[in-house]
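Following: one structure in structure tokens, then a few remarks.
The values are calculated or read from the model by the stated rules, or taken from the named source; none is laboratory data. Note that the structure is a prediction, hence the values are computed from the model and not measured. Note that we place each Cβ from the backbone using ideal geometry, even for glycine, and neighbour counts take in every protein chain shown.
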Amino acid sequence: MITKLKRLPPIHALSAFEAVARHGSFSSAAEELHLSQSAVSKQVRTLEEHTRSPVFLRHARGIELTSAGAALLQEIQPALAQLSSGIERIRQRQDANTVTVIATHAVSHYWLFPRVMAFNREHPEITVSIQSDNGMTPAVIEEYDFGILFGSGGWPGLDAQPLFAERVYPVCRPDLALPEHQTLQELKALPLIELDSSAWDCIDWVDWFAHFNEAYAPKPHGLKFNQVSLSYNAALEGLGVSLGWDFMVSQAVREGRLRRVGDFVYDSRKHDFLVHGIKEPLKRAAQTFKDWLS
């Protein structure tokens with residue numbers, strides 16, 4: 001059921017108000033919006049008529065937000081940003097030579113970005129636009145040409161093509177002084193960089209050791225991060241041993257910036273998949289990108 005919206009002020013009035021508030025100046029806002037200063041002032045007056053409250057205090061030294069204006073700005077800035085992003089995504093999806101992809105931060109940075117650079121060298125006529133969002137869900141995929149989802153596949157309404165398997169193993173900087181050979185018991189005694197994955201679907205050291213039927217309790221006061229990219233960077237800095245996702249760390253291992261610790265590998269038998277909606281056929285540029293990734 002769609003909730004009926006009450007009468008809203010014109011979008012131009014909201015946009016003018018936001019620009020004036022951000023710049024602290026009617027003239028600067030007018031320059032940004034390519035309008036006259038009087039036109040911007042008129043838009044702000046229209047907004048004040050709708051809110052039945054002044055949104056700016058005007059004085060000799062300039063302007064400042066009223067309490068009502070400050071409250072309104074806090075409400076509309078994220079809404080305008082979301083609206084702008086949504087319109088841009090729709091525009092890009094309709095652009096025959098633009099391909100939009102949404103993925104998590106780690107996948108976007110460590111796996112997708114290098115491949116997009118290589119793809120663009122072969123297909124300079126196609127622009128691949130990446131949206132990085134750790135909060136992505138299958139429900140948002142329809143807004144993009146593609147998404148990259150982690151799991152076992154089988155999402156309703158989505159075509160899913162496996163890209164890479166989840167393989168996780170300990171890594172550290174090569175010059176970190178550690179015993180030459182590590183058993184699971186010895187691994188637990190090393191300076192492990194903890195990962196707090198309570199807010200998202202990701203394994204931590206407790207899960208990793210449990211995969212090998214080994215109990216583990218995090219050390220108190222140890223290093224802990226809530227993102228795999230932060231844990232990865234901590235390992236690069238030599239701060240300890242981190243869980244390393246193969247798609248993130250394999251290149252650093254090959255280049256000698258990291259080394260594997262022990263021979264144990266957690267293979268979850270899950271994958272990251274390239275997914276897209278099946279309601280409409282892929283446009284030519286999107287099909288070219290999908291074929292290239294295959």
Tally, over the range 43-69, of residues that are under 15 Å from residue 25 (Cα atoms), assigned to a helix (DSSP H, G or I) and among the small types (Gly, Ala, Ser): 1
Residue pairs, Cβ under 8 Å, 6 or more apart or interchain, first in the range 270-294 and farther than 23 Å from residue 246 by Cα, second outside any strand (DSSP E or B) and of a type in the set (Gly, Ala, Ser). List them. 276/286; 277/157; 278/157; 279/157; 283/96; 284/96; 285/96
Checking the conditions here, which among 15, 27, 38 is in a helix (DSSP H, G or I) and within 34 Å of the chain's Cα centre (by Cα)? 15
Listed residues 241, 265, 261; which is more than 30 Å from residue 157 (Cα to Cα) and either surrounded by fewer than 19 Cβ atoms within 10 Å (Cβ to Cβ) or out of contact with any Cys (no Cβ under 6 Å at 6 or more places or on another chain) (or both)? 265
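Scanning the range 188-231 for residues that are of a type in the set (A, V, I, L, M) and in a loop (DSSP other than H, G, I, E, B), which turns out surrounded by the most Cβ atoms within 10 Å (Cβ to Cβ)? Working first, answer last.
The initial filter retains those residues of the range 188-231 that are of a type in the set (A, V, I, L, M), namely 189-190, 192-193, 195, 199, 203, 206, 210, 215, 217, 223, 228, 230.
Add one more test, that the residue is in a loop (DSSP other than H, G, I, E, B), and what stays is 189-190, 193, 199, 203, 215, 217, 223.
Numbers: 189: 11, 190: 17, 193: 25, 199: 9, 203: 18, 215: 8, 217: 9, 223: 16.
That would be 193.
One line per residue, one yes/no per condition, for (1) of a type in the set (D, E, K, R); (2) closer than 30 Å to residue 227 by Cα; (3) surrounded by 17 or more Cβ atoms within 10 Å (Cβ to Cβ); (4) in the same structural domain as residue 280 (by TED's automatic domain parsing):
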residue	(1), (2), (3), (4)
15	no, no, yes, no
32	yes, no, no, no
58	yes, no, no, no
68	no, no, no, no
71	no, no, no, no
76	no, yes, yes, no
Pull up the range 134-157, narrow it to residues that are assigned to a loop (DSSP other than H, G, I, E, B) and modelled with pLDDT of 90 or more, then point me to the one that is nearest to residue 227 (Cα to Cα). 152
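Condition check: in contact (Cβ under 8 Å) with a residue 12 or more places away in the chain, assigned by TED's automatic domain parsing to the domain that holds residue 245 and surrounded by 14 or more Cβ atoms within 10 Å (Cβ to Cβ). Does residue 143 satisfy that? Step through it out loud before you land on a result.
On the way: in contact (Cβ under 8 Å) with a residue 12 or more places away in the chain: yes; assigned by TED's automatic domain parsing to the domain that holds residue 245: yes; surrounded by 14 or more Cβ atoms within 10 Å (Cβ to Cβ): yes.
Yes, satisfied.
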